[in-house]
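Peer 1: Have a look at this one.
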Amino acid sequence: MRILGSCVLFWLLTGYVSANTIITTVGSDVTLHCNYDAKYYGRLFVCWGRGDIPNSGCANEVIRSDGTKVTGRLSERYHLIGDLGEGDVSLTITQVQEGDSGVYGCRVEIPGWFNDHKHQTTLRVNPGRPLPLKVETREVKERTLTVRWTAPFDGGRPITTYIIEIKNKYASWDTAIRTEVTQPQLTQVTLVDLRPYKTYNLRMFAANSVGTSETSNVLTITTKEGVPEGPPFDVQLQALSSDSISVTWKPPKTDLRNGVLRSYTISYREDEGNQFKRWQHVSVTATREVESFTLTNLKPSTWYSVRLQAKTSAGTGPASDSPRCSTLDEETTAASSTVTSSSSSSAAAAAATTRTHHTSLTPVHTALTAQMVPTSTAWEETTSTLTLVPPDPPVIELKEVKDNAISLFWTPGFEGDSPTTGYFLEYKAANASWDYTESVVDFSPNETDATIIEINPSTYNIRMFAKSSVGTSKASNVLTVTTGGTDRERENLIPTFPNDSESVMTAENTQGVPTAAIVVPIVVVPLIGTVMLLILRRMKHRNGHLNVWMSRTALRYKGSDSLQEL
């Protein structure tokens, strides 16, 4: 009886304390509940503190209220957002950190002895995955794309990797090319070797030691038009008369057009043995899939060579083959006109119209030439009187090559007589000429490093120039860089991500037998199945060896850290 009495007395002195536990992740907002009957008791004094609730007041008080409003708080992260008039004095903590973990106590001071309402909550804050980042387009060119982003909240653990996926707009994400960049300080990256006038989707992920974030926003980007890579084909010539030849052709193949075809340039010249005259040119608007045009004002009984070039807004593509055709002699044309006078009249009218059009082109070209010559002369006169010095080229160095990502930095040279306004980088295939530079990437004057993602791994030459209002520097030193692995290795890099609600599984959390069941069938030959079954049983008992195997397999994925560790 004495023990029971002591327990009752202790309960009366301390009061009844209800308790519960809440688990949340870093960066979230959490609410710790506490309520009393304000309609019965009226508005009462309330406080929240950290640690066990003492006999009076609140230990390590974080917030308090007189029942109508908040009268004090330790930090702006602590709020009483419930309806105080209804007795809802729940504590809300915004942007919780791991340091917020611990015991929180709520005390409502009810008049009378041992009447206080006390509620205790244990808060456990765990680190989480990074929040999704927001990516935006900085610059789009024919074959390059530069994107940038702001580092997201890291979930309580440092971000270790950014993952970039890019795919054709109309393909599934399973076909995307994925690159892992293990430079968490980056906020910008340039993708090169894209196709002109193609539409891509791009998205990004951030990863830390806990896991991978949900996907970022998805960018839809169409690269700018480029010069056609292929010539018109199936060029056909037919002599119509002694002074006209019909030309028909088909446009370049669709995947070589690199944009919307605007026009064609038809070049023709007399081709009599070893005697070649100067090319003459006619521009024809692109209208359909099979084009035709009639050359007029030609010489009778004369051989002509004809070639065609397609043009987009970016420029003119390569020339087609140059087939030959001879105009008819005048006697044949006269006989033909006697038999079909009406048709000849129509042809003559068409030829006259064409001649008028063709003749009108010559003054235009002449006028353009006349305007260009004085401009060139004026430039030569100006530069001959100036002694301003352009900037020296930067010195570029390779920081890292990882899979298809190239990280480099450069040291600016002497600025010359005017401040440097920017840099631009050129790259090409190692076996190609600099005349066939694949892309140019621009950088601001305050940038001194960059990470470039090469979509089609190969061996490339890279060089850089500095520019100012005076001019452009000479070329820098040339880097030779080989990116990516073999085709078979790239086939193994199919992007795989956990569901948004799941974390990436570690190798240690995987049981021996199921993991082996994934790996072993790739190499097992049915005739030795019994032997392999014995090996599997041994591996089940020697889980450590299996973990090493899986760890090595993970190294086949892109990035220095295996996916299991992200």
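The values are calculated or read from the model by the stated rules, or taken from the named source; none is laboratory data. It should be emphasised that the depicted structure is a prediction, and the values quoted were computed from it without experimental measurement. With ideal geometry, Cβ positions are generated from the backbone for all residues, glycine too; neighbour counts draw on all protein chains shown. The accessibility values were calculated without ligands, DNA or RNA, using every heavy atom of the protein model including side chains. Shrake-Rupley method; radii C 1.70, N 1.55, O 1.52, S 1.80 Å.
Peer 1: Over all alpha-carbon pairs of segment 149-258, lay out the pair-distance distribution in 5 Å bins, whole %, shortest bin first.
Peer 2: 2, 10, 15, 14, 12, 10, 8, 6, 5, 4, 4, 3, 3, 2, 1, 1, 0
Peer 1: Moving to a separate point now. Relative contact order of segment 9-147, please, whole-number percent, based on alpha carbon pairs below 8 angstrom and at least 6 residues apart.
Peer 2: 31 percent
Peer 1: What ranking of 200, 162 comes out by heavy-atom accessible area, probe 1.4 Å, highest first?
Peer 2: On the way: 200 35, 162 0 Å².
Result of the area sort, largest leading: 200, 162.
Peer 1: To make sure I understand the rule: partners must be lysines, Cα under 28 Å from the Cα of residue 474, and not fewer than 8 residues away in the same chain. Which ones qualify?
Peer 2: Those lysines meeting the cut-off are 141, 224, 399, 428.
Peer 1: Further, regarding this structure: If the cut-off is 17 Å between C-alpha atoms, which aspartates and glutamates fall inside it for residue 277, apart from same-chain ones fewer than 8 positions away?
Peer 2: 243
Peer 1: Next up: HN-Hα J couplings of segment 259-272 from phi, Karplus 6.51/-1.76/1.60, θ = phi - 60°, integer Hz, Gly and Pro as x?
Peer 2: Karplus values, whole Hz, x for Gly and Pro: x, 8, 5, 9, 7, 10, 10, 9, 10, 9, 7, 5, 9, 10.
Peer 1: Based on alpha-carbon atoms only, what is the radius of gyration of segment 89-215 relative to the globular estimate 2.2 N^0.38 Å? Provide the component values of the computation, followed by the final result.
Peer 2: Working: Rg = 23.0 Å, N = 127, 2.2 N^0.38 = 13.9 Å.
Compactness ratio reported: 1.66.
Peer 1: Relative contact order of segment 205-343: what whole-number percent is it, with Cα pairs under 8 angstrom and at least 6 residues apart? Please report the intermediate quantities before stating the final value.
Peer 2: Working: 303 pairs, mean separation 41.4, N = 139.
Across segment 205-343, relative contact order equals 30 percent.
Peer 1: Hey, if you drop one equal point scatterer on each alpha-carbon of segment 419-458 and run the Debye formula without solvent, what base-10 log of I(q)/I(0) do you get at q = 0.33 Å⁻¹?
Peer 2: -1.16
Peer 1: Where in segment 78-113 is the amide nitrogen less than 11 Å from a point lying 7 Å along the Cα-to-Cβ axis of residue 20?
Peer 2: Counting backbone N atoms under 11 Å from the label point, the list is empty.
Peer 1: Given that compact globular proteins tend to follow 2.2 N^0.38 Å, what is the ratio of the alpha-carbon Rg of segment 28-139 to that value? Write out the running numbers ahead of the final one.
Peer 2: Details: Rg = 16.9 Å, N = 112, 2.2 N^0.38 = 13.2 Å.
In units of the globular-protein estimate, segment 28-139 measures up at 1.28.
Peer 1: Of the accessible area of segment 400-458, with the probe set at 1.4 angstrom, what percent is carbon plus sulfur? It would help to have the intermediate numbers written out before the result.
Peer 2: Values: 1260 of 2560 Å².
Reported share for carbon and sulfur atoms: 49 percent.
Peer 1: For residue 61, what residues show an amide H to amide H distance below 5 Å, using hydrogens built from the backbone and excluding near sequence neighbours?
Peer 2: 50
Peer 1: Ok, one more. What distance in nm separates the two pseudo spin-label positions at residue 288 and residue 37, each 7 Å out from Cα along the beta-carbon direction?
Peer 2: Distance between label points: 9.0 nm.
Peer 1: I want to check the label-to-label distance for residue 50 and residue 446. Put each point 7 Å from Cα in the C-beta direction and report it in nm to one decimal.
Peer 2: The answer from the label model is 3.8 nm.
Peer 1: Would you mind calculating the relative contact order of segment 66-216 from Cα pairs under 8 angstrom and at least 6 residues apart, reporting the percent as a whole number? Provide the component values of the computation, followed by the final result.
Peer 2: On the way: 281 pairs, mean separation 31.2, N = 151.
It rounds to 21 percent for segment 66-216.
Peer 1: Can you send over the carbon and sulfur percentage of the accessible area for segment 133-218, probe radius 1.4 Å, protein chains only?
Peer 2: Numbers: 1620 of 3340 Å².
Summing carbon and sulfur atoms, their accessible area is 48 percent of the total for segment 133-218.
Peer 1: So with the 1.4 Å probe, I'd like the accessible area per residue for segment 153-225, rounded to whole Å².
Peer 2: Working: 2720 Å² over 73 residues.
About 37 Å² of surface per residue is accessible.
Peer 1: Ratio of segment 287-330's C-alpha Rg to 2.2 N^0.38 Å, to two decimals? Don't skip to the end; give the middle numbers.
Peer 2: Numbers: Rg = 13.6 Å, N = 44, 2.2 N^0.38 = 9.3 Å.
Rounded to two decimals, the normalised Rg is 1.46.
Peer 1: Using a simple spin-label model with points 7 Å from Cα along the Cα→Cβ vector, what separation in nm is obtained for residue 78 and residue 480?
Peer 2: Between residue 78 and residue 480, the label points sit 6.7 nm apart.
Peer 1: Could you derive backbone 3J(HN,Hα) for segment 425-433 from the dihedral phi with the Karplus parameters 6.51, -1.76 and 1.60 (θ = phi - 60°), listing whole Hz in sequence and x where the residue is Gly or Pro?
Peer 2: Calculated HN-Hα couplings, in order: 10, 10, 9, 8, 5, 4, 9, 10, 7 Hz.
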